[in-house]
Amino acid sequence: MTENSKKVTVSDGLPGMAAFHPGVSAQLREFYQSVQEEGIPQRFLELLERLDVAERRAEESIQNREAAR
């Protein structure tokens, strides 16, 4: 049997590798859930706000240059 001709078996109801490593999929789901529940750090929110302000200023600058033409 060649490398390309090997077939991976999947049990009913479990797609892909979950059939071989059911604990991994449960751990990943649990980790993802914990990340979703974490709050967003204030510093990150402040950085996002600064980015929004910079983008608005850049847009206004472009619009002002186009209006001046």
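Laboratory data are not the source of any read-out in this text; all were calculated from the coordinates shown. The model shown is predicted, which means the values in this text are computed figures rather than measured ones. Cβ coordinates were reconstructed from backbone atoms using ideal geometry, including for glycine residues, and neighbour counts include every protein chain displayed.
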With θ taken as phi - 60° and the coefficients 6.51, -1.76 and 1.60, list the Karplus ³J(HN,Hα) couplings across the range 43-53 in order, rounded to whole Hz; mark glycine and proline as x. 4, 5, 4, 5, 5, 4, 5, 4, 5, 4, 4
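About its Cα centre, how strong a charge dipole does the range 25-68 have in debye, to the nearest 20, once Lys and Arg get +1 and Asp and Glu get -1 at the Cβ?
Numbers: 6 positive and 10 negative charges, 23 e Å.
Approximately 120 debye in magnitude.
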May I ask you to evaluate 6.51 cos²θ - 1.76 cosθ + 1.60, the Karplus curve with θ = phi - 60°, for each residue of the range 35-42 and list the ³J(HN,Hα) values in order in whole Hz, giving x for glycine and proline? 5, 4, 7, 5, x, 8, x, 4
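Sort 31-37, 44-50 for me by packing, meaning the mean count of neighbouring Cβ atoms within 10 Å per residue, highest on top. Let's see the in-between values first.
Numbers: 31-37: 8.6, 44-50: 10.4.
Put in order of decreasing packing, that is 44-50, 31-37.
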